[in-house]
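Here is the structure we will look at.
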Amino acid sequence: MTGTPNPFEEMMRQMQEMAKTFPAMDAFSPKGFEAMMGTMPKDMMELMFGNKMNPDGLDAKTRLLLTIAGLTMQGAQSDVALRQAIKHAIEAGAHKQQVVETIGQMAVFAGIPAMTRAMEIAQTVFADREADKEGDA
């Protein structure tokens with residue numbers, strides 16, 4: 001046996017050394033990053049993702065409801081992506097019931113656990129929006 005290190009082990013060692021040079025990464029949190037992202041205004045969503053440039057295409061609300069369905073189908077694994085899609089769908093004109101029905105329908109295709117997980121994430125978005133409304137009043 002030679003004294004040559006395993007290439008994967010060497011790569012991991014180098015990555016760990018590199019990570020030590022970024023002390024700010026100690027403070028990184030997905031929640032903090034998500035808070036920085038904000039919500040895109042409805043008009044901008046319609047221009048970029050909606051049917052402003054493609055009048056016969058899908059509007060931004062429909063596209064975002066489809067995105068929520070797709071993220072639910074993947075098992076609602078990305079909290080940040082699903083929360084952002086829900087926030088943007090509401091900004092684009094989707095009602096709470098439309099978001100709930102979109103997620104609920106995915107139980108048939110993705111299973112009850114995926115639907116339940118997505119619904120839990122959606123409930124946090126709805127609760128945050130209610131808290132924001134109460135804070136503004």
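Here are a few things to note about the model shown:
- Put in order of Cβ neighbour count within 10 Å, fewest first, the listed residues 46, 120 become 120, 46.
- Residue order for 134, 101, fewest other beta carbons within 10 angstrom first, comes to 134, 101.
- Rounded FRET efficiency, nearest 0.05, which uses the C-beta distance separating residue 47 from residue 77 and R0 of 35 Å: 0.75
- Residue 11 versus residue 126: modelled label distance in nm, points set 7 Å from Cα along the beta carbon direction: 4.4 nm
- Semi-axes of the equivalent ellipsoid for region 30-136, computed as √(5λ) from the eigenvalues of its C-alpha gyration tensor and ordered from largest down, come to 21, 19, 12 Å.
- Region 64-77 - phi-based ³J(HN,Hα) in whole Hz, Karplus 6.51/-1.76/1.60, Gly and Pro as x: 6, 5, 5, 5, 4, 4, x, 5, 5, 4, 7, x, 6, 6
Readers should treat all values here as calculations from the given coordinates under stated rules, not as data from a laboratory. Nothing here was measured: the structure is a model prediction, and the numbers come from that model. All Cβ positions, even for glycine, are placed from backbone atoms using ideal geometry, and neighbour counts span all protein chains on display.
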